[in-house]
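Below is one structure, written out as structure tokens; comments come after it.
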There are 4 protein chains.
Amino acid sequence: MIEVGVVGAAGRMGGEVVRSIDAADDLHLAAALDIDDALDQLEAAGVEVAIDFTSPDAVMSTLRYCIGQGIHVVVGTTGFDEARLDEVRAMLEEHPGVGVVIAPNFALGAVLLMRFAREAAPYFESVEVIEMHHPDKLDAPSGTAMHTAESIAAARRHAGVASSPDATGRMLEGARGADVSGVRVHSVRVRGHVAHEEVLLGNPGEILTLRHDSLDRESFMPGVLLAVRAVGARPGLTVGLEALLAR
Amino acid sequence: MIEVGVVGAAGRMGGEVVRSIDAADDLHLAAALDIDDALDQLEAAGVEVAIDFTSPDAVMSTLRYCIGQGIHVVVGTTGFDEARLDEVRAMLEEHPGVGVVIAPNFALGAVLLMRFAREAAPYFESVEVIEMHHPDKLDAPSGTAMHTAESIAAARRHAGVASSPDATGRMLEGARGADVSGVRVHSVRVRGHVAHEEVLLGNPGEILTLRHDSLDRESFMPGVLLAVRAVGARPGLTVGLEALLAR
Amino acid sequence: MIEVGVVGAAGRMGGEVVRSIDAADDLHLAAALDIDDALDQLEAAGVEVAIDFTSPDAVMSTLRYCIGQGIHVVVGTTGFDEARLDEVRAMLEEHPGVGVVIAPNFALGAVLLMRFAREAAPYFESVEVIEMHHPDKLDAPSGTAMHTAESIAAARRHAGVASSPDATGRMLEGARGADVSGVRVHSVRVRGHVAHEEVLLGNPGEILTLRHDSLDRESFMPGVLLAVRAVGARPGLTVGLEALLAR
Amino acid sequence: MIEVGVVGAAGRMGGEVVRSIDAADDLHLAAALDIDDALDQLEAAGVEVAIDFTSPDAVMSTLRYCIGQGIHVVVGTTGFDEARLDEVRAMLEEHPGVGVVIAPNFALGAVLLMRFAREAAPYFESVEVIEMHHPDKLDAPSGTAMHTAESIAAARRHAGVASSPDATGRMLEGARGADVSGVRVHSVRVRGHVAHEEVLLGNPGEILTLRHDSLDRESFMPGVLLAVRAVGARPGLTVGLEALLAR
């Protein structure tokens, strides 16, 4: 039984996490803190792993406190750039036994899609990405699709594979999508969609399609629990859920 | 048993048509002419319905000859604009019993997709079109997708439906596809694809998807045979296969 | 402005309906009754169209009361067999100006899918149905898929079309799905699915796919509003939303 | 430049292989043998890698001859069971520098699909397989789908994951597909399909879909060329293309 503490338990994601911990046989919810609660309740409650779903402003305090107390941390809060990650690495240097997992995306399907797309990309002549979201989304392409396309492009460059062929001569502006490092990305915005991503890989006579449909934030929970169970055995900083997935 | 003559029987489509007529129990292949053969063989062979898959240069002669002889005609040859259609109508005025069917697309699935998309379009908040082809294709979007999008746009205008919502603020150029009369069209080019079209229609909480995959020109044959069987009972000019489909 | 009353306003569907009426510019929520409230509040509030999402036990009283008062009714409550429909028809005979719409499914996409499947079915050599739901569903195939398959089968019989070809010789039990009036139906149960239906229609060289994804009961609202707006102009009983959709 | 010999060059697959070797800059077609031609032409032509697409009867002679001459072999011929593989291993023991690659499926997309399905399977609550083929196919499920399902089942057993949940109580016979080691497999047979496989993996709120569409045997060529280029550096027996794919 792992003793778990949730920081940001009153938020939407935090509340979902609390319910998931409660439902897991091998995890015990020892503490559930709102974003303003005193962090030393974690120590008092015997927490072994803390989960932070707060805000970019609050998360660094959680990390500093927990690492100092020898409490492992799983972080779902966003806003980590290289400078912030370096700060966390510095904190961990003085506490070599502590593990921290920081993941921008806890949906296992999304993480696996990106890994599979990167692994398959060098073996196909063509690769394109289609992402589909509700029409209230502000950015196009989505951040996930940008990241997927860049990851595909890097894998192909690394393997010395040529760009996807494209004989388009007469084109209506925009028809062929956005060019992300040489990979075409199409952003569909249709009411009824939530968040969906599709990678199409093609060779003569065959197509491999990888698709992820994300319908609800409860899809993050299996990934959060996986990280909670794994973090104790991974001292130091782990960025991204992928490193925790077996092959 | 209908006596059928094929003009352009040595071409790729013509050859396919000859095989299909041979395989149909209710049709008899009375004449198979190459593009340069004398058309009066049709009369001599007792042809009731002629099928023309030749070239924009040759097809008008076939039409003039057949209409004059009282032979019905099914035309798969491309290149008919309004001026040409008017020419055919004028020919038919003097032979009111003769039927002519001119169809730009004999794939039943493609014709039905377009009809269904047009009928469904007014009932959904959002509509977008994705078309997928092999990367040797020169134009983007495809002619079929352009036609589908325009048909959807007209149906929505007619019903007084607003444009599909789109909150996109930050966009990488091209990400949201081409704007065809207010309908977004995305052109995917991946090796392994042949010719595919998808229409996505969305309301809060639901998506209706219409998709057509065209893999081989043999897909035109059921539509050609349908026209051959129907043309005798439809005096005058019929443009498009849709008018022949029951509801 | 149409004056609308909701019966069963405290239920899940009823609550959703109340919100939708509130959001519509041309409809006014004049009364919102819980399942046990006195129906004569409808009359007092000047309701022109009542919407009933209650239970098979309660709905007949709503119908009797409203028809007697000259109030049109839109019914989303389930449980109507032919005997019950006859009862409603008898009530309406004495009040020929009143309209009643009873619909088993208000999702426009689902209704259109069924119509399109039925219309397309005679033109294709093969037709099969795949339905996908969450794994807590008790019945397989789903009622909607059963209804779709039967409707396809009837359309093909009516058009004199042969059964879909199937050369299967060596089969693991169940692999080819359930046989519903000669149409194969496959029931997929995967966590993360909500309610999805796909109809595959195939000819040599082409496939037409019709798919409906239903993610949330809010998808019923456009259909409910459509019925509320149309019922006043349709005296007598209308069963199913399809009759209200223009062609 | 690798000197390549094709055995079975007059067959359908062999002919396709010949064309692919001709088109590759780094491979030279030194010999193209029909199934009855004398194998010592391979030696005479300086062949370094032989490709065998013959028949279960002929392939063992090719292997014996080539291994004896120090020629590497890529085998696409079917019919290898464990006894036959042991025979090949025995031949190779005496010629430790020779490499043999025997692959049941050279479509890279199919091989990657199976690998990804196996790797993802332990992370999802539900997994099901849908395979779609033309209706002239004799067996259901397809061999590939059987293999995929068994591979998924083994991966889940190995990881200690429970069976996919299924609350089905009322079922029409066959609706839930075939049970392959606890994984449900659905076999769709629709005219217009060629060979398609889809693996659906689901968790609460998310679905990961892996799909492979195989339209033409030319899809095997990239895999054959990959094996030809790799076999010289892999002494001994390699079964399956997967071992040749980098991660």
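Things to note:
- Output for region A:120-136, where each listed residue is open to solvent by 10 Å² or more (accessible area, probe 1.4 Å) and in a helix (DSSP H, G or I): A:Pro122, A:Tyr123
Here's the yes/no breakdown for (1) crowded, with 18+ Cβ neighbours inside 10 Å; (2) facing chain D (nearest Cβ under 9 Å):
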site	(1), (2)
A:Gly143	no, no
A:Ala162	no, no
A:Ala178	yes, no
A:Leu200	yes, no
A:Ser219	yes, yes
A:Ala230	yes, no
A:Ala233	no, no
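- A:Ser219 within 24 Å of the chain's Cα centre (by Cα), at negative phi, polar (S, T, N, Q) and at pLDDT 95 or above: no
- Scan of region B:55-91 for residues that are crowded, with 19+ Cβ neighbours inside 10 Å and under 13 Å from B:Thr238 (Cα atoms), ordered by number: B:His72, B:Val73, B:Val74, B:Val75, B:Gly76, B:Val88
- Scan of region B:21-46 for residues that are assigned to a helix (DSSP H, G or I) and surrounded by fewer than 21 Cβ atoms within 10 Å (Cβ to Cβ), ordered by number: B:Asp22, B:Ala23, B:Asp40, B:Gln41, B:Glu43, B:Ala44
- Between D:Leu225, D:Leu172, the distinction of being more than 30 Å from B:Glu218 (Cα to Cα) and touching a residue at least 12 places away in the same chain (Cβ under 8 Å) belongs to D:Leu225 only.
- Only one of the numbered conditions (1) under 22 Å from the mean Cα position of the chain (by Cα); (2) within 23 Å of C:Thr168 (Cβ to Cβ) is not met by D:Ala154, and that is (2).
- Selection within region A:27-46 - small (Gly, Ala, Ser) and touching a residue at least 40 places away in the same chain (Cβ under 8 Å): A:Ala45, A:Gly46
- Identity of the residue in region B:127-155, out of contact with any Ser or Thr (no Cβ under 7 Å at 6 or more places or on another chain) and free of Cβ contacts under 8 Å to residues at least 40 places away in the same chain, that ends up nearest to D:Leu215 (Cα to Cα): B:Asp136
- Among residues of region B:71-95 that are among the β-branched types (Val, Ile, Thr), those with a Cβ under 9 angstrom from a residue that is open to solvent by 50 Å² or more (accessible area, probe 1.4 Å) and at pLDDT below 95, sequence gap 6+ or separate chain, pair up as B:Thr77/B:Pro56; B:Thr78/B:Pro56; B:Thr78/B:Pro104.
- Among the residues of region C:180-194, those that are surrounded by 22 or more Cβ atoms within 10 Å (Cβ to Cβ) and more than 7 Å from chain D (Cβ to nearest Cβ) comprise C:Val183, C:Arg184.
- Looking across region C:54-95, the residues that are assigned to a loop (DSSP other than H, G, I, E, B) and closer than 15 Å to C:Asp37 by Cα come down to C:Thr54, C:Ser55, C:Asp57, C:Ala58.
- Residue pairs meeting the criteria (Cβ under 7 Å; at least 6 apart or on separate chains; first open to solvent by 10 Å² or more (accessible area, probe 1.4 Å), in region D:1-20; second β-branched (Val, Ile, Thr) and assigned to a strand (DSSP E or B)): D:Ile2/D:Val49; D:Val18/D:Val6
- Residues of region C:202-217 classified as within 14 Å of B:Pro204 (Cα to Cα) and either open to solvent by less than 30 Å² (accessible area, probe 1.4 Å) or in contact (Cβ under 8 Å) with a residue 24 or more places away in the chain (or both), total: 4
- Options B:Glu43, B:Glu82, B:Glu16, B:Glu48: the member that is under 18 Å from B:Phe220 (Cα atoms) and of a type in the set (D, E, K, R): B:Glu16
- Conditions (1) open to solvent by 40 Å² or more (accessible area, probe 1.4 Å); (2) at pLDDT below 95: number failed by A:Leu244: (1)
- On inspection, C:Ala149 fails the criterion of being among the small types (Gly, Ala, Ser), out of contact with any Phe, Trp or Tyr (no Cβ under 6 Å at 6 or more places or on another chain), buried (at least 23 other Cβ atoms within 10 Å of the Cβ) and within 16 Å of C:Val239 (Cβ to Cβ).
- Flag if C:Gly174 is touching a strand residue (DSSP E or B) at 6+ places or on another chain (Cβ under 7 Å), open to solvent by less than 20 Å² (accessible area, probe 1.4 Å), assigned to a loop (DSSP other than H, G, I, E, B) and not assigned by TED's automatic domain parsing to the domain that holds C:Val18: yes
- Condition check for C:Glu94: at the interface with another protein chain (Cβ under 9 Å from one of its Cβ atoms), out of contact with any Pro (no Cβ under 8 Å at 6 or more places or on another chain) and not hydrophobic (A, V, I, L, M, F, W, C): no
The values are calculated or read from the model by the stated rules, or taken from the named source; none is laboratory data. These numbers come from a predicted model, not from an experiment. Positions of Cβ are backbone-derived with ideal geometry, glycine not excepted, and every protein chain shown enters the neighbour counts. Side chains included, ligands, DNA and RNA excluded: accessible areas come from the protein's heavy atoms. Shrake-Rupley method; radii C 1.70, N 1.55, O 1.52, S 1.80 Å.
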